[in-house]
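Below: one structure, written as structure tokens.
We did not get these values from a lab; they are worked out from the coordinates using the rules stated. Since the structure is predicted, the reported quantities are computational estimates derived from the model, not experimental observations. Cβ sites come from the backbone with ideal geometry, for glycine too, and all protein chains shown count toward neighbours.
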Amino acid sequence: MHHDHLASRIPFGVTIKVEELSKVGRAERLLKELGFRQCRVRVHGDVARIEVDLADLPRLAEAGVRDRAVQGLRALGYRYVALDLEGFRSGSMNPEGS
């Protein structure tokens, strides 16, 4: 995945390190391996916020899937793993109005 594409996962105005982008890429790959085709991992400090299609929210909350997602993201170094209840949407990290 190209780094410019992954930069949209980090809040606007935050300095982005290449390691952070590759970590996000690995986090999204993990979710895709768990069967989530449409997904984003947005980063807020040590919090990874997962966006999946609304139809997939119940599956991500299932114990086995949830455990694998949490363990995988924690192994990448995220301290907290959060599920965004609004679901997947493009450009949710862009500043208002852009």
Q. Per 5 Å bin, what is the whole-percent P(r) computed from every C-alpha pair distance within the stretch 49-90?
A. 5, 24, 31, 24, 14, 2
(Q) If you take every residue apart from Arg74 with its C-beta less than 13 Å away from the C-beta of Arg74, what net charge results, scoring Lys and Arg +1 and Asp and Glu -1? (A) +3
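By the scheme Lys and Arg +1, Asp and Glu -1, what is the net charge of all other residues having a beta-carbon under 15 Å from that of Val47?
Values: positive: Arg9, Lys23, Arg40, Arg42, Arg49, Arg74, Arg79; negative: Glu20, Asp46, Glu51, Asp84.
Net charge around Val47: +3.
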**Q.** Base-10 log of normalised Debye intensity for the stretch 5-81 (one unit scatterer per alpha-carbon) at q = 0.18, 0.23, 0.27 Å⁻¹
**A.** -0.67, -1.07, -1.41
Q | Karplus-derived 3J(HN,Hα), 6.51/-1.76/1.60, for each residue of the stretch 72-86, Hz, glycine and proline x | A | x, 6, 5, 4, 7, x, 7, 7, 10, 10, 10, 9, 7, 6, 7
Q: Report ³J(HN,Hα) in whole Hz for each residue of the stretch 32-42, in order, from the Karplus equation J = 6.51 cos²θ - 1.76 cosθ + 1.60 where θ = phi - 60°; Gly and Pro get x.
A: 5, 5, 7, x, 9, 6, 9, 8, 9, 10, 9
